[in-house]
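What follows is calculated from the coordinates using simple rules that are stated; it is not laboratory data. None of the values given here were measured: they were computed from a predicted structure. All Cβ positions, even for glycine, are placed from backbone atoms using ideal geometry, and neighbour counts span all protein chains on display.
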């Protein structure tokens, strides 16, 4: 999304992919209480140049739903440099490819 017009990703939902397009079906909160720190560390440590994004989260039952808002930016293209990868990703309508 950083390499295109930005957008929103919601973590903590279960999707039905049977139609070929992921459709959110229900909340599936993330149980790890450190999820925000984990996400921030991953993005900070492996995305170059730094991604322009904000996180919003809220408690649902015993977990969290996290909304990541990625801002459009002229800083890109963005590259993943970590986890044994050095590549650019391109986002399609419903999937990413490298």
**Study point:** Extension gain, residue 58 back to residue 87 (0.36 nm per residue minus Cα-Cα distance, nm)
**Key:** 7.2 nm
Check your understanding: Taking the structure as given and computing percent of Cα pairs over 24 Å apart, which label from [x] 20; [y] 28; [z] 15 fits?
Key -> [y]
Check your understanding: In terms of the ratio Rg/(2.2 N^0.38 Å) built on C-alpha atoms, what value belongs to the stretch 1-53?
Key -> 1.38
Check your understanding: Arranged by the count of other C-beta atoms within 10 angstrom, fewest first, what order do 37, 19 take?
Key -> 19, 37
Study note, to complete from the structure: Longest principal axis of the chain (C-alpha) makes with the long axis of helix 35-46 (C-alpha) an angle, in degrees to the nearest 10, of 10 degrees
Check your understanding: Of 67, 30, how do they rank once you tally other Cβ atoms within 10 Å and put the fewest first?
Key -> 67, 30
Point to revise | Ranking of 78, 83, 88 by count of other Cβ atoms within 10 Å, fewest first | key: 83, 88, 78
Exercise for review: With springs only between Cα atoms under 10 Å apart, run a GNM on the chain and tell me which of 12, 20, 63 wobbles the most.
Suggested key: 20
Review point. How high is the relative contact order of the chain, in percent, counting Cα pairs under 8 Å that sit 6 or more residues apart?
Key: 34 percent
